[in-house]
Amino acid sequence: MNNAQFHLYQTKFAETDGDYDCLDHYAAHMFSSILYGNINRQEHYIIPYCRRDQLHDEFTAEQDQIQSFTFETLKERNVSSDQLYQWSAPLDLVEEYEAFVLNNETRSSLIRFYNCSLSRRFGQYCQYFFKGR
């Protein structure tokens with residue numbers, strides 16, 4: 001899992017129904033069915049994994065060691081939404097940045113992007129990681 005990328009969605013806790021920081025898992029299951037003449041069939045599933053906490057605290061530890069940029073700075077540096085995606089930015093942040101660039105919205109200019117790509121972490125504030133072997 002050295003080079004794995006993870007893209008969260010529903011990262012804005014206030015805009016969800018209690019589930020946030022979701023990550024989807026694709027799973028396939030192969031089975032034989034007598035109903036179908038013992039033909040092997042494969043079913044595909046997308047399983048969402050989301051957090052649901054009663055108290056939501058923004059991640060603060062190590063933030064000063066992780067580079068962060070405002071949308072305005074990213075735009076000045078000609079960073080594309082595709083580059084944010086490549087840097088494992090949450091999907092809703094990528095979409096919000098794309099809207100900011102296309103519509104020139106000044107109210108979104110101070111939104112911060114935390115670049116987790118060099119730290120092997122992911123999440124809106126680089127608060128998640130998978131333990132490696």
Original post:
Out of curiosity, is S81 under 16 Å from the mean Cα position of the chain (by Cα) and either open to solvent by less than 100 Å² (accessible area, probe 1.4 Å) or at pLDDT 80 or above (or both)?
Top reply: yes
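Taking the condition of being of a type outside the set (S, T, N, Q), under 24 Å from Q127 (Cβ atoms) and surrounded by fewer than 18 Cβ atoms within 10 Å (Cβ to Cβ), how many residues in region 88-114 meet it? Give the derivation first.
First pass over region 88-114, keeping only residues of a type outside the set (S, T, N, Q): 89-102, 105, 107, 110-114.
After this cut, where a residue has to be under 24 Å from Q127 (Cβ atoms) as well, the list is 89-98, 100, 110-114.
From what's left, surrounded by fewer than 18 Cβ atoms within 10 Å (Cβ to Cβ): 91-92, 95, 98, 110-112.
Of the residues in region 88-114, 7 are of a type outside the set (S, T, N, Q), under 24 Å from Q127 (Cβ atoms) and surrounded by fewer than 18 Cβ atoms within 10 Å (Cβ to Cβ).
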Original post:
Which members of region 63-78 meet the condition of being assigned to a loop (DSSP other than H, G, I, E, B) and open to solvent by 40 Å² or more (accessible area, probe 1.4 Å)?
Top reply: Q67, R77, N78
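The values are calculated or read from the model by the stated rules, or taken from the named source; none is laboratory data. Values in this document were obtained by computation on a predicted structure and should not be read as measured data. When we count neighbours, we look across all protein chains shown, and the Cβ atoms used for this are built from the backbone with ideal geometry, even at glycine. Note: accessible area is taken over every heavy atom of the protein model, side chains too, but ligands, DNA and RNA are not part of it. Shrake-Rupley method; radii C 1.70, N 1.55, O 1.52, S 1.80 Å.
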